[in-house]
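Colleague: Have a look at this one.
Throughout, read-outs are computed from the coordinates displayed, never taken from laboratory work. Just so you know, these numbers come straight off a predicted model, no measurement behind them. Cβ: placed from backbone, ideal geometry, glycine included. Neighbour counts: every protein chain shown.
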Amino acid sequence: MDVTAVSGDISTTEADVVAVNLFEGVTRPGGATGAVDRALDGAISRLIELGDIRGKAGERTIIHTFGKLAAPRVLVAGLGKPAEFDVRAVRNLSAEIARACRRPGVTHVATIAHGAGVGGLDPDECARAVAEGAILGAYRFLRYKAAPDEDDRAELERLTIVERDAGRVAGMAEAARRGAVLAEATNLARDLANEPANALSPTELAARAEAVARAGGLEFEAMEREEMERRGMGALLSVARGSAQPPKLVRMGYKGRGGEGYDLALVGKGITFDTGGISIKPAAGMEAMKADMTGAASVIAAMQAIAALRPKADILAIAPCTENMPGGNASRPGDVVAAMNGVTIEILNTDAEGRLVLADGLCYARELGARHLVDVATLTGAIGIALGEQCYGLMTNDDALARRVEAAAEAAGERSWRLPMFKEYGDQIKSSVGEIKNTGGRPAGSITAAKFLERFVDKTPWVHLDIAGVDMAAKDNGWVTKGASGQGVRALVNLALAFGEE
Ligand code: BES
Ligand code: MN
Ligand code: ZN
């Protein structure tokens, strides 16, 4: 979708739909809605009087203009109460508008930077949220739909944000452009996570990452098994053993400062399918494990946006990619392996494979000179039990970095929530055979997984994001669409941009 901001009068703008808004309780529409109302000879005011338009959140009214406007349709979207309206709501509203406008005959929507007028919010932030919301909200994964029906085929091609104040437009256009870059990257992560595992092997995932790197002028490497062996990545290799597909360790590098090492490394779990291995998962719902590479998809997609937005920082992405299969050569419960840093791990449950591949991924990122680490992973079912779908879990060894990640998530309209990392939790993963074991039992399962990862970051400031509760959505809701949600991608990009502001 093409998103632009232009100066002009929305009541004379040519488009298939003109989308304006109304706060709850307003009887005389002002601003852009007022201009459209006047062009319609007071039709909106009249509908308010009739009680058909009330401005409630989620309310959407389509009015046909029959030649009174250049556009054949006006959409009035309810904003709810002004006090509850913020940039997060703008993004979600824009997503809902994009979906409401997905109908045959509609390819171009003209709208406004909702919230910037009567709402009193920052115009640039609103423009960015409108762009993000529209592109994110219109997303669907149709690749394998053989014969989509007419509604399925309808696509929005263009969204124009119309601003009355010509002095504001340049800033808003730039903000919208950045929002579009962030949203397109998120949709790339969604595409990767929605792909079935037979189409997206570790080899294919690495190939997709390479295409991103090539297009963005990034450093790229897809490390093969032999090199992993040379480097002693025994934890990652132990997961790959049971699969006929070769593992790949993806590395992408962006040098915006051109210094030594990297200011920040993003490390993503790339299990292209998680059967559980010998500790095999139950059949029901196992198909969701095609998305167990969402962390890898998120860091690859984040690099696409970073390459486009060019922050003054050096950013590294690492994605250890493999299937977790129960083949004849698979790791067994009780096996002991050593990670790249020499820490010996007793594998008690082969389904706790994410922490194994991340162990070597984190070590490798440090070896390449990462000064801050953020890993993102669909790591534990327990995080969904603890936090549900409303936020992802954040665990850390560094308060300052945690605050920066929280701010980056907040700016993306995402929610993170911090879990404690008391040292006593580490007792749960002490092994009598090796140094640590790969499960700490059911209590505090997400935290003990993070305590495991902590053994591989040494003293480097590190944040772990467990996105297993939010990676897949059952239905469309605001900017989140059904299937792979894309949560985390824009937070990672915002963080990289913040590193560029230092
Ligand atoms: N990929 C799963 C976690 C997961 C669960 C992601 C549900 C998305 C939705 C992970 O590899 C896993 O199997 N974790 C185990 C760990 C346990 C064996 C210690 C789990 O959460 O049950
Ligand atoms: Mn697993
Ligand atoms: Zn997994």
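Colleague: Cut-off under 22 Å on the C-alpha distance; same-chain residues fewer than 8 positions from K430 excluded. Which lysines are left, in chain and number order?
Modeller: Filter leaves K451, K459.
Colleague: Another question, then. Dipole magnitude of region 188-499 about its Cα centre, charges +1 at Lys/Arg Cβ and -1 at Asp/Glu Cβ only, in debye to the nearest 20?
Modeller: 360
Colleague: Which chymotrypsin sites (Phe, Trp or Tyr not before Pro) in region 351-437 pass both tests, a DSSP loop state and at most 13 other beta-carbon atoms within 10 Å?
Modeller: Qualifying residues, ordered by number: F422.
Colleague: Once you sort the root eigenvalues of the Cα gyration tensor of region 188-499 as a ≥ b ≥ c, which label holds: rounded (a/c under 1.5), prolate (a/b larger than b/c) or oblate (the other case)?
Modeller: rounded
Colleague: If the only charges are +1 at each Lys and Arg Cβ and -1 at each Asp and Glu Cβ, what is the size of the charge dipole of region 39-168 around the Cα centre, to the nearest 20 debye?
Modeller: With only Lys, Arg, Asp and Glu charged at Cβ, the dipole is about 240 debye.
Colleague: If each of E502 and D41 carries a label point 7 Å out from its Cα toward its Cβ, how far apart are those two points in nm?
Modeller: Roughly 6.4 nm, to one decimal.
Colleague: Modelling each spin label as a point 7 Å along the Cα-to-Cβ direction, I'd like the E260/R103 distance in nm, to one decimal.
Modeller: Distance between label points: 6.3 nm.
Colleague: I've got another one for you. Among the lysines, select those whose C-alpha is under 20 Å from the C-alpha of K482, and discard any that sit fewer than 8 residues away in the same chain.
Modeller: K145, K290
Colleague: Could I ask something else about it? Which ordering of M233, M223 is given by a fewest-first count of other beta-carbon atoms within 10 Å?
Modeller: Numbers: M233 28, M223 21.
Placing the least packed residue first, the sequence is M223, M233.
Colleague: With a/c under 1.5 counting as rounded, go ahead and sort region 179-296 into rounded, prolate or oblate using the C-alpha gyration tensor (a ≥ b ≥ c being the square roots of the eigenvalues; past the cut-off, prolate if a/b is larger than b/c, else oblate).
Modeller: Since a/c reaches 1.5 but b/c is at least a/b, the shape of region 179-296 is classed as oblate.
Colleague: A further question follows. Could you tell me the calculated FRET efficiency between T12 and I280, based on Cβ-Cβ distance and R0 = 60 angstrom, to the nearest 0.05? Please report the intermediate quantities before stating the final value.
Modeller: Details: r = 63 Å, r/R0 = 1.06.
Step by step, r from the Cβ atoms, then E = 0.40.
Colleague: Can you say what percent of the DSSP beta bridges in region 2-171, counting only those with both residues inside, are antiparallel? Round to 5.
Modeller: 20
Colleague: Which listed residue (S94, G369, M252) has the Cα farthest towards the positive end of the charge dipole for the chain, taking +1 on Lys and Arg C-beta and -1 on Asp and Glu C-beta about the Cα centre?
Modeller: After comparing all options, I get S94.
Colleague: Looking at region 229-309, which GluC sites (Glu not before Pro) are DSSP coil and have at most 16 other C-beta atoms within 10 Å of their C-beta? Don't skip to the end; give the middle numbers.
Modeller: Numbers: sites: E229, E260, E287; in loops: E260.
Those that pass, being in a loop and sparsely packed, are E260.
Colleague: About its Cα centre, how strong a charge dipole does region 385-502 have in debye, to the nearest 20, once Lys and Arg get +1 and Asp and Glu get -1 at the Cβ? Numbers along the way, then the final one.
Modeller: On the way: 14 positive and 16 negative charges, 69 e Å.
For this selection, approximately 340 debye.
Colleague: How high is the FRET efficiency from E219 to K312, r the C-beta distance, R0 30 Å, rounded to 0.05?
Modeller: Computed FRET efficiency for E219 and K312: 0.95.
Colleague: Follow-up question, since we're still on this one. Among rounded, prolate and oblate, which fits region 288-344 when a ≥ b ≥ c are the square roots of the eigenvalues of its C-alpha gyration tensor, a/c under 1.5 means rounded, and a/b larger than b/c means prolate?
Modeller: In terms of gyration-tensor shape, oblate.
Colleague: Please list, by residue number, everything in region 104-134 whose backbone N is under 17 Å from a paramagnetic label point 7 Å out along Cα→Cβ of A70.
Modeller: Within reach of a label on A70: 107-113.
Colleague: Just name one of G500, L218, V463: the one whose Cα is farthest towards the positive end of the charge dipole of the chain (beta-carbon charges, Lys/Arg +1, Asp/Glu -1).
Modeller: Sorting the options by dipole projection puts first V463.
Colleague: Of all GluC sites (Glu not before Pro) in region 111-158, which ones are in loop regions per DSSP and have a Cβ with at most 15 other Cβ atoms within 10 Å?
Modeller: Numbers: sites: E125, E132, E150, E155, E157; in loops: E155, E157.
In loop regions of region 111-158 (DSSP not H, G, I, E or B), the sparsely surrounded GluC sites (Glu not before Pro) are E155, E157.
Colleague: Positive end of the charge dipole of region 2-171 (Lys, Arg +1 and Asp, Glu -1 on Cβ, about the Cα centre): tell me which of A5, T27, L47 has its Cα farthest that way.
Modeller: L47
Colleague: Here's something else I'd like to know. How do D124, D466, D152 line up, fewest other C-beta atoms within 10 Å first?
Modeller: Result, fewest neighbours first: D152, D124, D466.
Colleague: Can you sort S485, S201 by how many other beta carbons sit within 10 Å, fewest first?
Modeller: S201, S485
Colleague: While we're here: Please give the FRET efficiency for R230 paired with V336, using the beta carbon to beta carbon distance and R0 = 25 Å, rounded to the nearest 0.05.
Modeller: Calculated value: 0.80.
Colleague: Another one. Nearest 5 percent is fine: what portion of the DSSP beta bridges confined to the chain is antiparallel?
Modeller: Taking every DSSP beta bridge with both residues in the chain, the antiparallel ones total about 40 percent.
Colleague: Another one. Could you work out how far apart the two model spin labels at K56 and K459 are, taking each label as a point 7 Å from the Cα in the direction of the beta carbon, and quote it in nm?
Modeller: 5.9
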